[in-house]
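The values are calculated or read from the model by the stated rules, or taken from the named source; none is laboratory data. As the structure is a computational prediction, the values presented were derived from the model and not from experiment. Cβ coordinates were reconstructed from backbone atoms using ideal geometry, including for glycine residues, and neighbour counts include every protein chain displayed. Protein only, heavy atoms only, side chains kept; ligands, DNA and RNA dropped before computing areas. Shrake-Rupley method; radii C 1.70, N 1.55, O 1.52, S 1.80 Å.
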Amino acid sequence: MHAILFCDGQVSCIPVNAMPEALLPYCNIPLLAHILRYCEQSGITDITLVGADRSTRRFADSLPVQPQLHYAEPADSLRTEAPTLVLRRLCLPQWDMGELHSFAAAAPVRLLHADGSPTDAELHSVGSTLSTPEKAVTVILSEFPRPETPSDYLRMQQNLLDAPRMSHFRIGQGLRTGKQTEISESCVIGSDCIIGDHAVLEDCVLGDGVQIGAGTVLRRCVICRHALIDRQMTLEDAAVGQGEIVSTHSKTPQKRLFCVDEQDGIHEGLPRWNTVETALQTGAAMTALGMRIAVGYDRKTSEPFALAAASGAAAQGAQVWNCGVCALSQLIHCGKTADCDSMIWVHGDSVQYLTVRGADGFALTSAQNRRLLQALEGGLSTRIAECGKIHSAQAFHSLWESECRKILPEPRFTIEVCCGNPLLRETAQRLFSGGTGDRIVLNLSDDGTQASAFSTESGMISHDSLLLLSLLSFREKGEALALPAQFHPAAEAFAAHFGGRILRLHTPAVTPTAAKAFARQGVCTDGILLFCHILRILDTRHIPLAAAASLLPTMHTARREISTRLSRQTVEKLRRSNPDRAVRLELPTNSGILRLMAYADSMETASELCSLWEKKLRAAEDGLYDLSQSAE
């Protein structure tokens, strides 16, 4: 027997609506993998996926299954060459093959549950055309589960997880929990979830990226991906849809707990989402860092938050430049052009993130974070000072494009731009159009700060490699290249080989010089500008991308985030007692997360260094490591 599955690109293991109509198992194995393996165990020899997108096809091809996989589009005219089972929606059926074969011997039929409800499954006999059958039959021994309540869904999850070798898939990677949380063993939790202090979860299913506030109690609930549950909530037998926010104002006032995080920006406690009021307070508090502030946002839904932040800053007498809809890289350029002290970028869809940057475009320093947190807790937005001004910075975007064109040579390569931000993609395509030579694929991050390049001959060249390669462009102009302090140590040797020089940002000996060079060059925070310099190198040296890539040293960086009880002072002592240029420790934040980076010429060596230092940190936590001993 063959099988045809109508696939909507759903390779994720998370339900897409509040009351799932199809079983989409969490347990960190995508639903499509379950179906394909089940078909294999049932003796199905050929499977056709209809409507599968590119990522789904790559995923399906990577699975070690025996049935032959084929692909088709919904508009294709499909004709069966063997008895065929058709699933019009993704589900996890359980069938009796003898019963299905008996139905398939007749004309095409629709399969019904014993109570007469449809199963969204069909059986087609040999030679029939794939169209909706007119006849229907009742399935007795087969099941096509359709959970109607959270309890049904939870029961199916538990049955699935009780299968052999499945218990270790109950909790996904990246789970972060607060103090004294209670999570029952029967809970199923997706990846990258955040659960606040004193939260209680009993018999619950959580999708990827779910955030649960402090003191919240959930019993027998299904929480779909990226949903947010406020603090001090109590939910029982509830289903919360994808991206929904469940919030209510508590009768007892809650202490404000502001956080400043490099990835999530400013947020107020857990869960990590913001309101217009928080944006207003953020704008007012940013005046503690300086009175010249640039504000931008990535989409129309973020505009109210950006305007609130601009109003809060202006109410404190600040000069605010409104950059409008822009990528983070464009905001950084506008902020530097206007000589701003800091920047606020609002981005996100269902959740709004308030990302703050310093004058150089990097994340705030520890001292700036402390001043900002003090200003946030001080409630500056409630004290309106002499009003400042809000200026339009739209003209800076055309100035930025003119600067890029000054660097760009005559188009010699065919550039294909890949970017999830349509505005940024159109800008890049306009800049790099007109070439007819070798094809280069430019991959830009959605915020525009990161870039990587690919060609058939060179393979993938990472953002760090492109940054290092841009040194050749600045060397020809007699400039040193300004790089972050945490950049791979191989940069200095590469620069010396080609007669160039590296300036490390935030290095005490060269901070003023490096900061000026960093602000002027902009390649560390602007992927498009960086790629302009790469094309300039290829043009002046008359070489393809593969030849330029061959000049680069081998650089690998392993990164880990480690939860630690060690104080900043203890970590600093450990770092000083073990001086090693190949390892960098970023001191733990208020959340107790320490970032560890190891540099090497192979990823295996870098990972080994990370493991070695993680052991040292654990030994120091247990008091088993002498901080006065030297590095091994």
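For the reader, a short list of remarks on this structure follows.
- Residue selected from the range 320-354 under the condition β-branched (Val, Ile, Thr) and surrounded by 21 or more Cβ atoms within 10 Å (Cβ to Cβ), by the criterion nearest to Thr427 (Cα to Cα): Ile332
- Search result, residues across the range 87-113 that are at pLDDT below 75, of a type in the set (Gly, Ala, Ser) and open to solvent by 60 Å² or more (accessible area, probe 1.4 Å): Ala105
- Of everything in the range 120-145 that is at pLDDT below 75 and in a strand (DSSP E or B), the residue that is surrounded by the fewest Cβ atoms within 10 Å (Cβ to Cβ) is Thr129.
- When the range 373-417 is filtered for residues that are at pLDDT below 90 and assigned to a strand (DSSP E or B), the ones remaining, listed by number, are Lys389, Ile390, His391, Ser392.
- Any hit, the range 391-412, residues being in contact with a Gly (Cβ under 6 Å, 6 or more places away or on another chain) and surrounded by 18 or more Cβ atoms within 10 Å (Cβ to Cβ): no
Here's the yes/no breakdown for (1) at pLDDT 85 or above; (2) of a type outside the set (A, V, I, L, M):
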site: Thr234; (1), (2): yes, yes
site: His249; (1), (2): no, yes
site: Leu257; (1), (2): no, no
site: Asp261; (1), (2): no, yes
site: Gly269; (1), (2): no, yes
site: Trp273; (1), (2): no, yes
site: Ala279; (1), (2): yes, no
site: Leu289; (1), (2): yes, no
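- Close pairs (9 angstrom Cβ cut-off, 6 or more residues apart or separate chains): over 11 Å from Val441 (Cβ atoms) in the range 408-425, among the aromatic types (Phe, Trp, Tyr) and surrounded by 15 or more Cβ atoms within 10 Å (Cβ to Cβ) anywhere: Leu408/Phe432; Pro411/Phe432
- Selection from the range 294-319 of residues that are closer than 16 Å to Val351 by Cα, open to solvent by 10 Å² or more (accessible area, probe 1.4 Å) and among the hydroxyl-bearing types (Ser, Thr, Tyr): Tyr297, Thr301
- Taking the range 429-535 and the helices (runs of 4 or more DSSP H) fully enclosed by it, the elements with 2 or more residues that are open to solvent by 10 Å² or more (accessible area, probe 1.4 Å) and of a type in the set (Gly, Ala, Ser) are at 490-497, 511-521.
- Near pairs, Cβ below 7 angstrom, 6+ apart or cross-chain, from the range 185-197 (under 18 Å from Met156 (Cβ atoms) and open to solvent by 10 Å² or more (accessible area, probe 1.4 Å)) to any residue that is of a type outside the set (D, E, K, R) and at pLDDT below 80: Ser186/Gln158
- In the range 41-71, the residues that are over 18 Å from Val86 (Cβ atoms) and open to solvent by 60 Å² or more (accessible area, probe 1.4 Å): Gln41, Asp53, Arg54, Arg57, Arg58, Asp61, Ser62, Pro64, Gln66
- With respect to (1) in contact (Cβ under 8 Å) with a residue 24 or more places away in the chain; (2) closer than 19 Å to Arg155 by Cβ, the lone exception for Glu202 is condition (1).
- Filtering Leu505, Leu471, Leu467 for residues that are of a type in the set (A, V, I, L, M), closer than 24 Å to Ala359 by Cβ and in contact with a Gly (Cβ under 6 Å, 6 or more places away or on another chain) leaves a single hit, Leu471.
- Boolean, Ser550 is open to solvent by 60 Å² or more (accessible area, probe 1.4 Å) and more than 24 Å from the chain's Cα centre (by Cα): yes
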